[in-house]
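The values are calculated or read from the model by the stated rules, or taken from the named source; none is laboratory data. Keep in mind it's a predicted model, so treat the numbers as computed, not measured. Neighbour counts are summed over all protein chains in view; Cβ atoms, including those assigned to glycine, are modelled from backbone coordinates with ideal geometry. Keep in mind that these areas ignore ligands, DNA and RNA; they rest on the heavy atoms of the full protein, side chains included. Shrake-Rupley method; radii C 1.70, N 1.55, O 1.52, S 1.80 Å.
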Amino acid sequence: MARERLSVVVTRRLPEPVETRLSELFDVRLREDDTPMSRAELATALKDADVLVPTVTDTIDAALLGQAGDRLKLIANYGAGVDHIDVATARQRGILVSNTPGVLTDDTADMAMALIMAVVRRIPEGLAVMQKGDWQGWSPTALLGGRLAGRRLGILGMGSIGQAVAKRAAAFGMQVHYHNRRRLRPEIEQRFEATYWESLDQMVARMDVLSINCPSTPSTFHLMNARRLKLMKPDAVIVNTSRGEVIDEHALTRMLRSSEIAGAGLDVYEHGTDINPRLRELENVVLLPHMGSATLEGRLEMGEKVLLNIKTFEDGHRPPDQVVPSML
């Protein structure tokens with residue numbers, strides 16, 4: 001007799017090939033439009049499904065997990081970050097959590113470098129001049145930016161993405177510095193000619209560009225707070241493609257407005273889509289709508305990992321990308 005297929009609920013629209021393959025393998029309920037589920041809809045999904053496939057826009061906290069049905073055994077997150085899921089509570093309730101690590105490293109590092117170039121070379125300002133039709137021709141003093149080569153780049157978080165940023169920055173002739181929970185092996189430091197700083201304060205005070213590449217954890221919340229932002233040089237630039245909560249956005253906005261920091265490139269925000277409106281007014285700030293992982297290749301590879309995690313679980317084995325609290 002044929003085995004009953006797993007019931008899978010997907011909370012957001014995914015690329016068509018991923019949705020099609022999910023439909024072929026499982027009893028799947030897909031989202032009709034590309035809006036996030038409401039909390040009530042998430043609660044219903046947790047009660048009805050064997051497997052939930054959420055995204056970073058879905059907050060799966062302890063209260064919501066308390067409403068989960070006995071059927072729910074796996075939360076197969078479509079994304080690498082799981083700070084929106086209470087992994088510890090899920091584990092206590094016998095619910096496994098998996099993610100999709102490793103597939104977005106190059107995409108996110110590319111975006112970090114794009115933001116560095118955009119801010120330092122004032123690309124959006126030049127684009128605005130052209131779009132408004134205000135360009136009067138070349139001028140020796142117009143829109144002067146800075147040269148990347150020779151600048152000190154401080155990388156906060158030297159994991160896989162931080163190292164990918166270092167590789168790209170070194171190719172541009174930037175001097176690579178980093179702060180990390182653990183110092184890298186000597187051969188990795190030599191690969192990037194990277195300088196390690198045990199003290200984040202000391203590194204921040206000396207950098208021309210600071211790239212945020214650490215995960216969101218209780219210990220990294222507002223790691224770049226007002227006090228630490230004030231350590232930055234007035235001509236320094238900060239770029240964040242990691243998690244918005246790492247930077248005190250209110251303090252950053254205030255300092256950008258007063259020219260205490262020269263510029264910023266942000267792809268993530270402390271309060272999600274509720275962005276400080278004063279940030280939008282600043283010419284020295286480049287704001288992107290969380291595009292760091294937005295490549296077709298990356299999204300498809302994320303889907304492949306979700307499929308593999310669910311299929312492996314269905315076959316009675318531990319999902320290859322299972323997340324446990326000790327990893328966070």
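Between Met158, Met203, the distinction of being modelled with pLDDT of 95 or more, touching a strand residue (DSSP E or B) at 6+ places or on another chain (Cβ under 8 Å), in a loop (DSSP other than H, G, I, E, B) and not small (Gly, Ala, Ser) belongs to Met158 only. For region 180-200, the candidate set comprises residues that are part of a loop (DSSP other than H, G, I, E, B) and open to solvent by 80 Å² or more (accessible area, probe 1.4 Å); within that set, the residue that is farthest from Met232 (Cα to Cα) is Arg185. Of the set (1) surrounded by fewer than 19 Cβ atoms within 10 Å (Cβ to Cβ); (2) in contact with a helix residue (DSSP H, G or I) (Cβ under 7 Å, 6 or more places away or on another chain), all apply to Gly159 but (2). Starting from residues that are within 25 Å of Leu74 (Cα to Cα) and among the hydroxyl-bearing types (Ser, Thr, Tyr), keep the ones in region 277-316 and report whichever is modelled with the lowest pLDDT. Among those that are within 25 Å of Leu74 (Cα to Cα) and among the hydroxyl-bearing types (Ser, Thr, Tyr), it is Ser293. For region 143-160, the set of residues classified as out of contact with any Leu (no Cβ under 8 Å at 6 or more places or on another chain) and farther than 19 Å from Lys233 by Cβ consists of Leu143, Gly157, Gly159, Ser160, listed by residue number.
Picking from residues in region 199-247 that are of a type in the set (D, E, K, R) and more than 16 Å from the chain's Cα centre (by Cα), the one that is farthest from Met111 (Cα to Cα) is Arg227. Annotation: of all residues in region 165-179 being open to solvent by less than 10 Å² (accessible area, probe 1.4 Å) and assigned to a helix (DSSP H, G or I), the one that is nearest to Arg151 (Cα to Cα) is Ala169. Of the strands (runs of 3 or more DSSP E) lying entirely inside region 207-310, the ones with 1 or more residues being of a type outside the set (S, T, N, Q) and without any contact (Cβ under 8 Å) to a residue 40 or more places away in the chain are found at 237-240, 285-287.
Scanning region 317-328 for residues that are over 8 Å from Ser98 (Cβ atoms) and either at pLDDT below 95 or surrounded by 14 or more Cβ atoms within 10 Å (Cβ to Cβ) (or both) turns up Val324, Pro325, Ser326, Met327, Leu328. Taking region 56-76, which residues are in contact with a strand residue (DSSP E or B) (Cβ under 9 Å, 6 or more places away or on another chain) and in contact (Cβ under 8 Å) with a residue 40 or more places away in the chain? Within region 56-76, Asp58, Arg71, Lys73, Leu74, Ala76 qualify.
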